[in-house]
Every structure is written in C-alpha cells, then in structure tokens.
Amino acid sequence: MTRSLLIPAALLLALPAFAQSTAIDVNGDGQYSFPEVQAAAPEVSEDDFAALDINGDGLLDAAEIAAGEAAGILPR
C-alpha cells in the first residue's frame, strides 16, 4: 500500500517540469526547434539558439535545453 502512494507523489512532483517544457515543445518530440523557442521566448536570437545547438542539428535536445536554462538563455 505504501508503494502505491509513492508513485502518485513522484508523478505530482514531476508535473510542473513536464507542463513547463510542453509550453515550448509544441509538437511533443522532446526537442525545441527555433520556431518553438521564438514563440515562447522571442528575446532568444538565432545566434543564441545556434550557440546552444552544440550538435548543429537545428534542434535543442535535453542536454542543450538544460544548458540554455542554466545559462539563463531559455526560460525554465
């Protein structure tokens, strides 16, 4: 019985982070494109985005997003 109570609590703790990322990740692919970032944070320039896009694939993956958030370039 205790085990079943821990799972919902863990899910509740994860919800705010998930909900926030879906505000930017419109298509739900787990990555941010420049148009998605621009819609949520118009102050992020193409140069900022390119600097975060370390692998140059035109998308920000989880590690690149985390780096952008830590640097204060992307909203949390």
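Residues that are open to solvent by less than 40 Å² (accessible area, probe 1.4 Å) and within 10 Å of residue 24 (Cβ to Cβ) within segment 45-76 comprise 60, 65, 74, listed in sequence order.
Cβ-Cβ contacts under 7 Å between residues 6 or more apart (or on different chains), taken from a first residue in segment 33-48 that is small (Gly, Ala, Ser) to a second residue that is open to solvent by less than 30 Å² (accessible area, probe 1.4 Å), are listed as 40/24; 41/74.
For segment 37-66, a residue qualifies if it is touching a strand residue (DSSP E or B) at 6+ places or on another chain (Cβ under 9 Å) and part of a helix (DSSP H, G or I), and the qualifying residues are 37, 40, 49, 52, 64, 65.
The values are calculated or read from the model by the stated rules, or taken from the named source; none is laboratory data. None of the values given here were measured: they were computed from a predicted structure. Glycine also receives a Cβ, built like all others from the backbone with ideal geometry; neighbour counts cover every protein chain displayed. Only protein heavy atoms, including side chains, enter the accessible area calculation; ligands, DNA and RNA are left aside. Shrake-Rupley method; radii C 1.70, N 1.55, O 1.52, S 1.80 Å.
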